[in-house]
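Inspection log for the structure reproduced underneath, given as structure tokens.
The values are calculated or read from the model by the stated rules, or taken from the named source; none is laboratory data. Just so it is clear, the structure is predicted and the values come from calculations on it, not from any experiment. Reconstructed Cβ throughout: ideal geometry from the backbone, glycine too, with neighbour counts over all protein chains shown.
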Amino acid sequence: MAGMFGIVFINAVRRYTLGKSFEWGEELPVYLAIYGVMFGCALGYLQDRHVRLAIFVDPLPAQLRRWIFAGVDLVMVGAGLLLSYSGWLFVARRGNIESSGLIGSAKDVAGFTGIDSLVFFGQMYPWQFALCLGGAMIAFAALLKFFERLTGMMPDKREPAA
């Protein structure tokens, strides 16, 4: 969030004081926001701080509610994997398209440093990959949450200490 705010703020100051802005200042915050949303969704799910229809679930008995939540976790594992796969297909088909606001700067940096592979950041690959990474993180968070709920529902079979 701080990076996005900084880029937008600096770009706005440049636009209104110098009459021009950075060409990458319009697109990069959008891509950073997409990564932020993906990380935030996974973190929110892992902390169990996501939107849920509690009005329907809260009146149910606690044990049934835990089983429903565990079932939702499994559905979210599948949804996360599908999101990741969908993002991968998107990257594979359209990832080599140049990002109009970033390609010029990426080529300039690549030319200045002599590292030709930096042109990669001017294409859509790294920015569309947010869907792949985000889907995988959501699936992993849901799987962890599922196992946490499952172990919480199991009776403790350890012998009490003597």
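Of everything listed in (1) under 16 Å from Phe129 (Cβ atoms); (2) in contact with a Lys or Arg (Cβ under 8 Å, 6 or more places away or on another chain), the single unmet condition for Ser21 is (1). Taken over the stretch 95-117, residues that are assigned to a helix (DSSP H, G or I) and either in contact (Cβ under 8 Å) with a residue 24 or more places away in the chain or within 12 Å of the chain's Cα centre (by Cα) (or both) amount to 2. For the stretch 21-62, filtered to residues that are under 25 Å from Met1 (Cα atoms) and β-branched (Val, Ile, Thr), the residue that is farthest from the chain's Cα centre (by Cα) is Val51. When you scan the stretch 143-162, how many residues do you find that are surrounded by 14 or more Cβ atoms within 10 Å (Cβ to Cβ) and modelled with pLDDT under 85? Looking only at that region, the number is 0. Does the stretch 126-142 contain any residue that is surrounded by fewer than 14 Cβ atoms within 10 Å (Cβ to Cβ) and either in a helix (DSSP H, G or I) or modelled with pLDDT under 90 (or both)? No, there is no match, as no residue in the stretch 126-142 is surrounded by fewer than 14 Cβ atoms within 10 Å (Cβ to Cβ) and either in a helix (DSSP H, G or I) or modelled with pLDDT under 90 (or both). Restricting Phe120, Phe39 to residues that are part of a helix (DSSP H, G or I), under 30 Å from Val13 (Cα atoms) and modelled with pLDDT of 90 or more narrows the list to Phe39.
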